[in-house]
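J.: Sharing a structure here in structure tokens format.
The values are calculated or read from the model by the stated rules, or taken from the named source; none is laboratory data. Computed from a prediction, not measured in an experiment: that's the story for all the values here. Here the Cβ is made from the backbone with ideal geometry for all residues, glycine too, and neighbour counts use every protein chain on show. In case anyone asks, the SASA skips ligands and DNA or RNA and just uses the protein heavy atoms, side chains included. Shrake-Rupley method; radii C 1.70, N 1.55, O 1.52, S 1.80 Å.
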Amino acid sequence: MEVKELQNKADEIIKIMDRTLGINHDADKTIIHILEELGEIARQINNKNIRGIGQDKENLEEEIADVLILTLRLASIYEIDVEKAILNKIEKLKERHNL
């Protein structure tokens, strides 16, 4: 699946959920939601590295997917072509680090 297709699917599912829940993931709500999901990723890593308890890989996968879906939604709000942005950034990183 192409990145653009993922971006469209992410945008579509969030819009459907918003209609169902009566909310709107505008830029402000979306970034707050991303931070919440990042916190859940941090908790999973913290559980393993600091608390010494097992990491729930399935939950970690879901939380990472949540962050990506919400990030794609944020990109759509700002009309950013994520695939193009990533490719451009990779080229800049190559130049910056002489790769």
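J.: Out of 65, 47, 34, whose Cα points farthest toward the positive end of the dipole of the chain (charges: +1 Lys, Arg; -1 Asp, Glu; placed on Cβ)?
T.: Projecting each Cα onto the dipole axis, the largest value belongs to 47.
J.: Only one of the listed values, (i) 16.1, 49; (ii) 13.9, 46; (iii) 14.7, 54, was derived from the coordinates as Rg and Dmax of the Cα atoms in Å; which label is it?
T.: (i)
J.: Would you mind checking the stretch 8-40 for residues with the amide N under 18 Å from a putative spin-label position 7 Å along Cα→C-beta of residue 62?
T.: Under 18 Å, as judged by backbone N against the label point of residue 62, lie 14, 17, 33-40 of the stretch 8-40.
J.: Any chance you could check the Cα centroid distance between the stretch 1-27 and the stretch 28-44 for me, in angstrom?
T.: So the separation of the two Cα centres works out to 16 Å.
J.: If you don't mind, there's one more thing I want to ask. Who wins for biggest fluctuation among 80, 23, 13 in a Gaussian network model of the chain, springs between alpha carbons below 10 Å?
T.: 23
J.: In sequence order, what are the phi-derived ³J(HN,Hα) couplings for the stretch 43-49 according to the Karplus relation 6.51 cos²θ - 1.76 cosθ + 1.60 with θ = phi - 60°, rounded to whole Hz, with x for glycine and proline?
T.: Here the 3J(HN,Hα) series is 4, 4, 5, 4, 4, 6, 7 Hz.
J.: Which value in nm describes the separation of the simple spin-label points at residue 5 and residue 89, placed 7 Å from the Cα toward the beta carbon?
T.: The modelled label-to-label distance comes out at 2.2 nm.
J.: Leaving ligands and nucleic acids out of the surface, order 36, 63 by accessible area at 1.4 Å, largest first. Before the final figure, lay out the partial values.
T.: On the way: 36 100, 63 10 Å².
Largest to smallest exposure gives the sequence 36, 63.
J.: Same structure again: Using the Cα centre of the chain as the reference point, and only Cβ charges (+1 on K/R, -1 on D/E), how large is the resulting charge dipole? Debye, rounded to the nearest 20. Provide the component values of the computation, followed by the final result.
T.: On the way: 15 positive and 21 negative charges, 76 e Å.
Result for the chain is approximately 360 debye, rounded to the nearest 20.
J.: Taking only protein heavy atoms into account and a 1.4 Å probe, give the accessible area per residue of the chain in Å².
T.: The answer is 74 Å² per residue.
J.: Starting from the Cα of residue 92, draw a straight line to each of the aspartates and glutamates and keep only those under 16 Å, dropping any in the same chain fewer than 8 residues away.
T.: Qualifying aspartates and glutamates at Cα under 16 Å: 83.
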